[in-house]
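Here's the structure, in structure tokens; my notes come after.
Where a number appears in this text, it was derived from the coordinates with a stated rule and is not lab data. None of these values were measured; they are calculated from a predicted model. A quick note on method: Cβ atoms are made from the backbone with ideal geometry, for glycine too, and the neighbour counts reach across all protein chains shown.
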Number of protein chains: 4
Amino acid sequence: MIRVAIIGATGYTAAESLNILLRHGATEVTCLTALPEECGHIRDIFPALAGRLDLPVESVDLETIASRADVALCCLPHKVSMQFVPKMLSAGLKVIDFSADYRLKDIAVYEKHYQKHTDPENLAHAEFGLPELFRRQIQGARLVANPGCFPTGATLAIAPLLKNGMIRTEDIIVSSVTGVSGGGKNPSHTFHFPNMNENVLPYAVGSHRHAPEMEQIASAVAGKPVTILFQPHVGPFDRGILSSVYCTPTTQLPQNQLIELYQSFYRSEPFVRVLTTPPAVKHVAHTNYCHVYPAISKGRFVCFSAIDNLVKGAAGQAVQNLNLLYGLDETLALI
Amino acid sequence: MIRVAIIGATGYTAAESLNILLRHGATEVTCLTALPEECGHIRDIFPALAGRLDLPVESVDLETIASRADVALCCLPHKVSMQFVPKMLSAGLKVIDFSADYRLKDIAVYEKHYQKHTDPENLAHAEFGLPELFRRQIQGARLVANPGCFPTGATLAIAPLLKNGMIRTEDIIVSSVTGVSGGGKNPSHTFHFPNMNENVLPYAVGSHRHAPEMEQIASAVAGKPVTILFQPHVGPFDRGILSSVYCTPTTQLPQNQLIELYQSFYRSEPFVRVLTTPPAVKHVAHTNYCHVYPAISKGRFVCFSAIDNLVKGAAGQAVQNLNLLYGLDETLALI
Amino acid sequence: MIRVAIIGATGYTAAESLNILLRHGATEVTCLTALPEECGHIRDIFPALAGRLDLPVESVDLETIASRADVALCCLPHKVSMQFVPKMLSAGLKVIDFSADYRLKDIAVYEKHYQKHTDPENLAHAEFGLPELFRRQIQGARLVANPGCFPTGATLAIAPLLKNGMIRTEDIIVSSVTGVSGGGKNPSHTFHFPNMNENVLPYAVGSHRHAPEMEQIASAVAGKPVTILFQPHVGPFDRGILSSVYCTPTTQLPQNQLIELYQSFYRSEPFVRVLTTPPAVKHVAHTNYCHVYPAISKGRFVCFSAIDNLVKGAAGQAVQNLNLLYGLDETLALI
Amino acid sequence: MIRVAIIGATGYTAAESLNILLRHGATEVTCLTALPEECGHIRDIFPALAGRLDLPVESVDLETIASRADVALCCLPHKVSMQFVPKMLSAGLKVIDFSADYRLKDIAVYEKHYQKHTDPENLAHAEFGLPELFRRQIQGARLVANPGCFPTGATLAIAPLLKNGMIRTEDIIVSSVTGVSGGGKNPSHTFHFPNMNENVLPYAVGSHRHAPEMEQIASAVAGKPVTILFQPHVGPFDRGILSSVYCTPTTQLPQNQLIELYQSFYRSEPFVRVLTTPPAVKHVAHTNYCHVYPAISKGRFVCFSAIDNLVKGAAGQAVQNLNLLYGLDETLALI
């Protein structure tokens, strides 16, 4: 049994990780941590886990974690994460980190959007945990940077086009709608039910932190610099991200060949389905699947993808990465 | 023009009052107040009012309010309300108070469920602002206690039976479901969108503060003491209260006569509709109407009512009371 | 591997059954049937299953089903079900039936609420599939009548009181709110999104077909006839039933002893959790759990339960029954 | 009193028109029509109007309509509309038509997206009813083509840029999310509550009929041909359209000057508010307002607008047009 610790066990991605790991079979959750003021029995923090997991959420030191676990799912926010991750790695744990701290390879870009990076050493060997594009690198990693939810959906929507050099790389527009769980567990005016219900709104206009992450992945796939205008919106539902990606063809292609290109690109992928009709977030909710659909509109490509932000966009992808790290069936607990 | 001040102008009931008063014709909103830290232009506090009302929300003294207004809609919470109301009355304003502070005639009952009552003097002459049952008293009032949302819906659902002595008064059960706006504007864990969406839950089990208010009204209508078990629930929608009232007949009555009894009782009421099929909260949303439907099930009466908690349950009823206070058409701005 | 056929594979309960069985491990879904006009590949009927199950939904004869499967989950509507079930039993299949056709032991009661019963022979040996109350009988059954969603939640909420003779059996009131998936997959005016969203309404006033089923179970538990007034409501969410059961104590009991009584009664049950605070349907959504909470209000017992109508109220309970039929771990695929 | 007939009075836009006209003051609704099989009292068709409007919905001939009304709000679907409109005009009625039949000035474009146009004569003099851009023409019209909901929101979002020649006219992308009421009252699989709730999806990929209407308006404002890629999405809420318009500047402009340009352009408009932060559909729900917000992102302009599809996108705009037709205060019943 692989022993798993969840670091920062009181948020939505931690809850979803537990939900998946309870069905895993090859792992055992042995340690849950949080800040002292957030501790308590997991059943009181997540009543949905009552009777399914009998563990306290504790404020414990690194030694205790290292003695109890082989791998840590680190669900801390950015900045906090890079304070803990080096210590966990030193203690011999493998780490799958949910924060942004190890995703951006270019420190200058990270520091522009976040703050000073305090762990460049481990950043250097962290692997980006999007298995569909970087599977081989993940398999041997000690530290996996679990991707952001928006970059996961957006880049899977256009990877076949980028890889084959079929779109201009300087004017890609990603327009996404996410469910509210993407905003985390902390109550706020915007996400107070009577304010968010029956509402839809754009946010982070001109400046979303996920854009450089998208550009990094897209550039790696395209083999040259890619520029992305990313505009997120939030809508009145719990789970899911629908991304609509507008891009300019460098060569025209009929619809059926476009579909075939995608089917060929994703042929062996267990979690990507190429549809022949538009996707819907409800069809991927509570699953690790990404549904993609490329289409042509007014001479452009419009490529759609749908994922569950908490599963393929976070906890499910983390377990997919964990399975890869340990040489297990990549789909374990995820189908 | 009747000049209206809104005291505590940053909550949902204040916003709804403004929304209605903007269509009123015989009133002018002249003064909006709040705590210093909540002040600002009304357009920034309620973007839905942008361009419709050009007024600041200010932290002003009583003299200013009294110089600008003839009547105050007091949207403060209980306890705070009874600190301000006596001063407003002394300054010559009429007051329609939204809090619980002037609703319960029996101070002992009030103090059991809330705290020490600091204004028994004005409580003595406050009139209970449910026009369908106490219209005459309201007309001459200086201080109107605007009813709670649950008591409004629940008592209108059974008033015809109580008045005619047709049900036992010791075992009435009121089971209600309210929309989330009833919980107010302050963000909380329970009402955080991802927690409240796709959810329904009971609360205040065994102890809701609205029960004594229901019992007071029901007893007044019945002419003898009435006991009510009240159980509220909250569901994933913005507006509306559906009350299902279970009671025991003292005499059996066929369905058609039950309907006729209700139709007769509410014949002259502009805002109560007796339906011949079950009500739905959506049909009364954004209106001042109360839809009622009495039925028979397993030898008992099951009486339903639907209201919009922010309109007939608060702001609409307040304007209805304001219209009565000033001898205007009772339905002004409300149809 | 136990080979499973789903009969009537195009509805919500069939989809949920498939979702669970895909994680089962000891079963294999081998046959999906529907009316000819509803056939097609399962991925087109339920896009959420795309890539997870490669099976057509077919209109096949009994011989084919019997040759491919050991047990059938029969998701047909009442009346249709009792036309197929006898043939499946004759062909040697075990059957777990989701319809009402084999739930009511008293044919007169069935025929009053539905229509003439055409299979009294198999009704005689059908076992009622509520494991928490009838586990032993289920284990040896050939035909299991999978319970209705409302009766499951409502009877689990009060079984400890009924068993111990602690409530009056003639005035129990069950007031429930269900999510819309309980109404099935067929589009209708009432469940058209713009009509049902932001709405809550009562239905089946005076006459819900689930009441006699509740009374049958409750009477079996109590050992004497029980009368139940059942009033369902539907609210704007997908999944879940919250039942609030109002009943009259025959003996008073303090809150802590009430909780202890429940904890003792359900001590060994894997899927019933006794809470010490009110339940919420969101905490049981997508799980086979039933959360119960008994309380005292105005001298009465008010007992709450929350289940997912599609899981514990249908597909999950069916798999729980399947596990029992085959001597498997009762919780397989359900935690 | 201006006498108003509603033709096709059983849909959502008709209901919203009635809701607004009941508060109008200068009009009286005198005639409601529908197909024979949809007739009945308005209170049974729209329970929300119970007690507010005492009129039957009738299947009546043109003479009756013409004898009772001065102006018709024609809420029929396209194709049906152009069969009735010529007769109503001949009978002397003014007509505000909600369908697409009189919106597209180029018959070839109409016939490409719809079907053969059977009333080119009246199309020739129909005025496009978007008052913010074509107020003067509307004032003298006999027939007003009430705009589509998407074109209303999208073109108001970019009109100031088009008018001032500040964006390229060949690569405008309009990405919109609408509430479900935009899909009309007829139940369907897609809009069945359990399918649409917790969902968001794109539709009409590559081919939405509103695109040529947008292009027509935009070209009129720009004074040259404009090409628009329009992609609609539908989300789980009742009302509102959020449009995010991506376009390429021909000259760079700082954010504050962009805002000033919009403020200047819309200075005299009663129903357009230029915001300095992103809009939200909830802030315009149940109002005739359009909130716009232009911004800069990655060197492009991203312009947002929010409207209520049933009000500014249909019924409210129709009443605004009616007010213009009759020389009334344009905002009557709309603030």
Other-copy label distances relative to C:N164, 7 angstrom Cα-Cβ extension, nm: 4.3, 6.9, 7.6
Going by amide H atoms built from the backbone, whose H comes under 5 Å of the H on D:L32, apart from near neighbours? D:I6, D:E58
Against the longest principal axis of chain C, how steep is helix C:81-90, in degrees 0 to 90 to the nearest 10, with axes from Cα atoms? 60 degrees
With Cβ to Cβ distances under 11 Å as the rule, what net charge do the other residues near B:I335 carry (K, R +1; D, E -1)? +1
Which residues' amide hydrogens lie under 5 Å from the amide hydrogen of A:I296, considering only partners 5 or more residues apart or on another chain, with H built in the peptide plane? A:V302
Placing each pseudo-label 7 Å from Cα in the direction of the beta carbon, C:L62 and C:H125 end up separated by a distance in nanometres of 1.5 nm
Could you pull the copy-to-copy label distances for C:E121, with points set 7 Å along Cα to Cβ, in nm to one decimal and sorted shortest first? 7.5, 8.0, 8.9
Share, in percent, of DSSP beta bridges within the protein assembly as shown that are antiparallel, nearest 5: 45 percent
Using the count of nearby Cβ atoms within 10 Å as a rough guide to exposure, how do D:H210, A:H41 rank from fewest to most? A:H41, D:H210
Test item: D:175-185 mean partner chain Cβ contacts at 10 Å: 4
Per residue of D:205-212, what is the mean number of Cβ atoms on other protein chains within 10 angstrom of that residue's Cβ? 3
Here the stretch B:246-256 yields Karplus 3J(HN,Hα) values (6.51, -1.76, 1.60; θ = phi - 60°; whole Hz; Gly and Pro given as x) of 9, 8, 9, x, 8, 9, 6, 8, x, 3, 5
Over 21 Å between Cα atoms: which of A:K79/A:K112; D:K282/D:K312; B:K79/B:K112; B:K298/C:K185; B:K224/B:K312; D:K87/D:K116 fall into that group? B:K298/C:K185; B:K224/B:K312
Per-selection Kirkwood Rh - the protein assembly as shown (Cα, Å, 1 d.p.): 33.0 Å
Spelling out what I want: for every residue of the stretch A:265-276, take phi, set θ = phi - 60°, compute 6.51 cos²θ - 1.76 cosθ + 1.60 (Karplus), and round to whole Hz; glycine and proline get x. 4, 9, 3, 9, 7, x, 10, 10, 10, 8, 8, 10
So for D:L275, D:L324, fewest C-beta neighbours within 10 Å to most, what's the order? D:L275, D:L324
Can you list residues from other chains, or at least 5 along the same chain, whose modelled amide H is less than 5 Å from the amide H of B:I172? B:T227, B:L229
Shortest first and in nm with one decimal, please list how far the A:D329 label point sits from its counterparts in the other copies (point 7 Å along Cα→Cβ). 1.6, 7.2, 7.3
Considering the rotational relationship between chains A and B, which residue of chain A contributes the beta-carbon of minimal distance to the axis, and what is that distance to the nearest Å? A:P187, 2
Cα long-axis angle, helix C:210-222 against chain C (0 to 90 degrees, to the nearest 10): 60 degrees
With a bin width of 10 angstrom, please list the P(r) values of the stretch A:149-309 as percents of all Cα-Cα pairs, from the 0 bin to the one holding the largest distance. 11, 40, 34, 12, 2
Between 0 and 90°, nearest 10: helix A:149-163 axis offset from chain A longest Cα axis: 40 degrees
Ranked list, fewest to most other Cβ atoms within 10 Å of each Cβ, for D:L89, B:L322: D:L89, B:L322
Counting partner chain Cβ atoms within 10 Å of every residue's Cβ in A:289-298, what's the average? 4
Net charge (Lys, Arg +1; Asp, Glu -1) of residues whose beta-carbon lies under 14 Å from that of B:M88, B:M88 excluded, is -2
Provide the gained length on full extension for the span D:E111 to D:N164, in nm with one decimal, where the gain is 0.36 nm per separating residue minus the Cα-Cα distance. 15.9 nm
Calculated from DSSP H runs of 4 or more alone, at -39500 (n - 2.57) each and per residue, what is the 222 nm mean residue ellipticity of the protein assembly as shown, nearest 500? -9000 deg cm²/dmol
Karplus couplings for the stretch C:119-128 from phi (6.51 cos²θ - 1.76 cosθ + 1.60, θ = phi - 60°), rounded to Hz, Gly and Pro as x? 9, x, 4, 6, 3, 4, 10, 5, 9, 7
